[in-house]
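Read the structure below first, then the notes.
The values are calculated or read from the model by the stated rules, or taken from the named source; none is laboratory data. What you see is a predicted model; the values in this text were computed from it and never measured. FYI the Cβ positions are ideal-geometry reconstructions off the backbone, even for glycines, and counts take in every protein chain you see.
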Amino acid sequence: MITLQNSFLTADFIPYGAELRSLRTAHGREIMWQADPAYWAKTSPVLFPVVGALKDGFYVHNSKKYELPRHGFARDLIFEPEVLSDTAVRFTLRSNGETKKIYPFDFIFTIVYQLEDNRLTCFYTVENPAASVLYFSVGAHPAFFLGNTKEDFESFELWFPDDNELVCSSLHNGLTGAATKTVKLHNGILPLRHALFYEDALVLKSLQSSKILLRNKKEPFLLEFTFRGFPYFGIWSARDANFVCLEPWCGIADSVHHNNDISCKEGISILHAKETFHKSWSVAIVQ
């Protein structure tokens, strides 16, 4: 376990998946879901080099078929850690002989977590060290703890400052379909209830807000989740579990009509030789 700390927050990480496992306030309040396997045994997995499911579990590159698990392999590999200071850590994952068996691309994937006052920021960098094109997706999947009971869960709400409705793409066995459903918001507010997620995640392709506020109607708790430049967003919870995942994505699950060619995959990011990709998200706690 690697721990970062300042006078506002304490954060714990593990090199396995470069995963954030705990975020605590100075008063000891735990912000993150603690990976209860009865519901979901993760806290904040990193999604790379794909986001979501592949159609039929595989993709095609240069006429060759490769299989990848849902959300890719980064969350199940050990990153090389480097503690930069009391408030910053860098994790690095490089392509190797094993990754190339299922993902035939050279890459350097770096994640930096940094504390500054009451905010934790996560920086993603993807580098293409090769002469050939790199196709990839990257996304976040942090789960925020919402108490111990159904009543606790339903005391929370999400506020979308720049949206009046959420247009959600349909999911069919984890793949996106053409149909959509619209969830109306009242003054930008979505009250949380377990039934929202009984049909899987809310998958958003046209979210206007670049910040979402998670707040409690019964106490002065506010979490500010900020992200920019992510074209897709997911909101999810396991069935009847007391957490909500806020998931900015550069990439999305395959369409039910996809031809399996990774170069044609919706939302795929492309890096040419020696190019670099940068994205970041952050969470700030106001209590």
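Does Val51 satisfy the criteria of being in a strand (DSSP E or B), at pLDDT 95 or above and either within 28 Å of Leu134 (Cα to Cα) or in contact with a helix residue (DSSP H, G or I) (Cβ under 6 Å, 6 or more places away or on another chain) (or both)? I'd like the intermediate steps shown before the answer.
Working: in a strand (DSSP E or B): no; at pLDDT 95 or above: yes; either within 28 Å of Leu134 (Cα to Cα) or in contact with a helix residue (DSSP H, G or I) (Cβ under 6 Å, 6 or more places away or on another chain) (or both): yes.
No: the conditions fail for Val51.
Residue-by-condition table, conditions (1) touching a residue at least 60 places away in the same chain (Cβ under 8 Å); (2) more than 16 Å from Phe160 (Cα to Cα):
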position: Ala195; (1), (2): no, yes
position: Leu213; (1), (2): no, no
position: Pro220; (1), (2): yes, yes
position: Ala241; (1), (2): yes, yes
position: Ile262; (1), (2): yes, yes
position: Ser269; (1), (2): yes, yes
position: Val286; (1), (2): yes, yes
Review point. Quick check: anything in the range 222-232 of a type in the set (A, V, I, L, M, F, W, C) and more than 13 Å from the chain's Cα centre (by Cα)?
Key: yes
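Please pick out the residue among Ser237, Ser269, Ser206, Ser255 that is of a type outside the set (A, V, I, L, M) and exposed (fewer than 15 other Cβ atoms within 10 Å of the Cβ).
Working: Ser237 fails: exposed (fewer than 15 other Cβ atoms within 10 Å of the Cβ); Ser269 fails: exposed (fewer than 15 other Cβ atoms within 10 Å of the Cβ); Ser255 fails: exposed (fewer than 15 other Cβ atoms within 10 Å of the Cβ).
Being of a type outside the set (A, V, I, L, M) and exposed (fewer than 15 other Cβ atoms within 10 Å of the Cβ) holds for just one of Ser237, Ser269, Ser206, Ser255, which is Ser206.
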**Study point:** Total residues in the range 145-162, condition of a type outside the set (Phe, Trp, Tyr), buried (at least 18 other Cβ atoms within 10 Å of the Cβ) and outside any strand (DSSP E or B)
**Key:** 2
Study note, to complete from the structure: Within the range 111-144, residues being under 15 Å from the mean Cα position of the chain (by Cα) and either closer than 22 Å to Asn6 by Cα or in a strand (DSSP E or B) (or both) number 16
**Study point:** Single residue of the range 128-149 satisfying the filter (in contact with a strand residue (DSSP E or B) (Cβ under 8 Å, 6 or more places away or on another chain) and among the aliphatic types (A, V, I, L, M)) that is nearest to Val46 (Cα to Cα)
**Key:** Ala140
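So is Gly57 at pLDDT 95 or above, among the small types (Gly, Ala, Ser) and buried (at least 17 other Cβ atoms within 10 Å of the Cβ) or not? Write out each step before concluding.
On the way: at pLDDT 95 or above: yes; among the small types (Gly, Ala, Ser): yes; buried (at least 17 other Cβ atoms within 10 Å of the Cβ): no.
Answer is no for this residue.
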**Study point:** Condition met for Asp106 (touching a Gly at 6+ places or on another chain (Cβ under 8 Å), closer than 25 Å to Glu266 by Cβ and not in a strand (DSSP E or B))
**Key:** no
Check your understanding: Which ones in the range 163-186 are modelled with pLDDT under 95 and in a loop (DSSP other than H, G, I, E, B)?
Key -> Asn173, Gly174
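Each row is one residue, and each column tells you yes or no for (1) surrounded by 17 or more Cβ atoms within 10 Å (Cβ to Cβ); (2) farther than 29 Å from Phe221 by Cα; (3) touching a strand residue (DSSP E or B) at 6+ places or on another chain (Cβ under 8 Å).
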site: Ala18; (1), (2), (3): yes, no, yes
site: Asp36; (1), (2), (3): no, no, no
site: Ser63; (1), (2), (3): no, yes, no
site: Leu77; (1), (2), (3): yes, yes, yes
site: Pro81; (1), (2), (3): no, yes, yes
site: Ser95; (1), (2), (3): yes, yes, yes
site: Pro104; (1), (2), (3): no, yes, yes
site: Ile108; (1), (2), (3): no, yes, yes
Check your understanding: Which of (1) surrounded by 13 or more Cβ atoms within 10 Å (Cβ to Cβ); (2) under 24 Å from Leu222 (Cα atoms); (3) out of contact with any Leu (no Cβ under 9 Å at 6 or more places or on another chain); (4) touching a residue at least 40 places away in the same chain (Cβ under 8 Å) does Val51 not meet, given it meets every other one?
Key -> (2)
